[in-house]
Structure formats: C-alpha cells, structure tokens
Amino acid sequence: MRVNKKFIGLIGVGLLCGQLTVGAAGEQQTAKPLGERSAEAKKTSQALAQTCRTAEGQAPTMVAIRPGQFQMGSTDGDAYEQPPHAVTIPQPFAISRCEITVGQFRQFAEEAGYQTTAEQGGKGCYGWNADKKEVEQLPDRNWSNPGFKQTDDHPAVCVSWNDAQAYVAWLSRRTGATYRLPTEAEWEYVVRAGTTAARYYRDDRQCDYANGLGQEAKSIADSGWTLAECDDGYVYTAPVGSFGENHHGLFDTLGNVWEWTQDCWHGNYDNAPADGSAWLEKGGGDCNRRVVRGGSWGSRPLLLRSAIRGMYNTGEANFNLGFRIARAF
Ligand SMILES: [Ca+2]
Ligand SMILES: [Ca+2]
C-alpha cells in the first residue's frame, strides 16, 4: 500500500497500514453492557482518547475490526429497526476511533480549498433559533460557526453527506488508502461489539458513556423534553473521547453527534442485504436521504440505542450531525 510520508494513516495504535492482520471470521461472543467505570478505566480512556487528537499531517486513528456475525435491528423501537436479521461481515475493515474532529475537518477544508454545502450560496446549517425556540436553517451557521463554542477537539458538525464524501475522497488521495463512510451494518456491528442489549452500556450508566440530553441541558430544555436523570456535563457537543469507550475502544458512537453512513434510506429492513454491504437504491432506497446513526447531544435516552436509525438529506447540514470514517484493508 502506498503511503504518503507526509500524511500517514494509522490502523490501531502504532501500526502502519498493511502491517496489521486480524483473525478469521467467526461467531462473535456475546458481551455484557458496560457498567460503572473505575478510576483506572477512566485513565485508560483518557490515554486512548489522546490518540484521536491527531497531529497535523496524520490521518484519523483507526481501529481494526474482525469479520463476524451479529443480529442487526431491534424490536425496542419503531418499524424502521425491524425485522431484526442476521448479518455477516465477511471482511476485516477499520473504523475511526472517534468522530471526525473540527481540527481534522479544517485541515481538509483549508488544504482542498473546500466550501461545505452550508457555506455554498449562504445556505447555512440547521441550528437553534433562540428567539423562536425552533430548529431552523440559519445562513450564518456552518462547521466553523455552529452556534455553540467548539475547539479543534470537538466533533465537526454542520457537515452534509456530500461534505463527508468530499472529506474521504481527499483523505484517500492524500494517503493512498481507501477511506469511505461506514455502511449502516458495519456501524451497528462495531457499536454493538457483541452486545445484544439496547446499548453497549447499562441503561443506568448513560452519563459515563454518552453525551446526550441530561440534567445539564435544563438551561436550554423545553418543558416537553425528556432528559436523562444524570448530568453529563455538556449542553452541546463534548470534545471527542470525553466519555467511556465501547468494547472495541470506540468513543461517542452513541451520542455527541449523529453519524452519517453510506446507506440510502429504507423505512424497514425487509430484504436488507445480509453481507454488511451498503444498501443503496435496491428495494426502493431513497438515495437523496442517507441513514444517520447513534443519536446526539440533543437526543433523549430512547434515541441513544445501538439500533436507532434516522435519515437526513444528503445536501443539508445540522448542528447535531457529523461523521466517522471507515477504511478498507
Ligand atoms: Ca449532554
Ligand atoms: Ca456519535
């Protein structure tokens, strides 16, 4: 694999691309949802999260994932998530440990001279209109001005699906590796990581593992909003890796920002592919809308589940929507 020396893509910690092998496909063992985090576990999380804060010239840190099987979908939510069905992921792949950050996105935007869809023609990004108490498209909002304070370590928001495609195309050119968005099945496979419960953490531990709507959001909340009983400390986005990682060492898969996937929108899983590939036009897929996953800082607990599915227009941007990336071996 060709590697641009100025821009190295890592898989795992300290391993150059192509040097990592993963095991053969097999039945994934059932894993238990994670519970209370010890002081030692928090220290490990902090060290792992540091690997997401990449230096200039370094691609986002990737985690190698073994092939395997899992049950996709759920009967906990609405018809979107049904029927639950067996999926086999036939090939190893890698996925970014964290959501793509503002710093990583800036490096792309500046180097490629790229204008996001929110910036093109003053279209803007959907955000909170405090006067109207409504979410609406605001012309001055974009990834560098989403309407709340973000550092380079916060997840990039106000990026459309088209922007995410431009990012992975640029990163692929830059590194010689093949970067892309994860498929919807890959996303759920890595997030579940062998768990079959609604979440990879215990239902009573949300604020240890996810940035969602908790008691901290009372300052912006409407009376009708459902908040978690705990306080996670972040009203809007949190720097990536601020919470506990899942069994694969991935951060913020549930919560912080919704994440784009490659798949076109289908209203349920009837005749969905069983091989982990992206489900596109086939079976009536609406490719003007793509699947988003995982819920965000603005999501009530019911939306922070491994099986939750949403959809968004490919050319629109939102202040609670970002992405993480995948990479082929
Ligand atoms: Ca929060
Ligand atoms: Ca997320």
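Only the Cβ atoms of Lys and Arg (+1) and of Asp and Glu (-1) were treated as charged; on that basis the dipole of the stretch 52-138 about its Cα centre amounts to roughly 280 debye. The residue list Gly267, Cys52, Val159 was ranked by how far each Cα lies along the charge dipole of the chain toward its positive end, using unit charges on Cβ atoms, and Cys52 comes out on top.
Considering helices alone, the calculated mean residue ellipticity of the chain at 222 nm is -4500 deg cm²/dmol, with DSSP H runs of length four and up weighted by -39500 (n - 2.57) and normalised per residue.
Using Cα pairs closer than 8 Å and at least 6 residues apart in sequence, work out the relative contact order for the chain, in percent. About 24 percent, as a whole number.
Rounded to the nearest 20, the size of the Cβ-charge dipole of the chain about its Cα centre is 960 debye, with Lys and Arg at +1 and Asp and Glu at -1. Think of the stretch 11-328 as having a plus end and a minus end, set by charges on the Cβ of Lys, Arg, Asp and Glu; of Gln206, Ala31, Gln120, Ala31 sits farthest toward the positive end of this dipole.
Note on the chain: dipole from Cβ charges, positive end direction compared against Ala221, Pro139, Phe251; the farthest Cα belongs to Phe251. Cross-link reach is defined here as a Cα-Cα straight distance under 13 Å, omitting same-chain residues fewer than 8 places apart; for Lys32 the aspartates and glutamates meeting it are Asp203. For the pair Cys287 and Asp231, the difference between a 0.36 nm per residue extended length and the Cα-Cα distance amounts to 16.4 nm. For the stretch 24-85 versus the stretch 96-127, the spacing of their alpha-carbon centroids is 25 Å. Note on the chain: with a GNM built from Cα contacts shorter than 10 Å, the maximum mean-square fluctuation among Ala210, Ala31, Ala228 falls on Ala31. The calculated P(r) of the stretch 268-329, using every Cα pair and 10 Å bins from 0, goes 16, 46, 34, 3 in percent. Dividing the convex hull volume of the alpha-carbon atoms in the chain by its residue count gives 130 Å³ per residue.
Just so you know, all these numbers are worked out from the coordinates, no wet-lab data involved. What you are looking at is a predicted structure, and each value in this text was computed from that prediction instead of being measured. Counting neighbours? That spans all protein chains shown, and the Cβs are built from the backbone with ideal geometry, glycine included.
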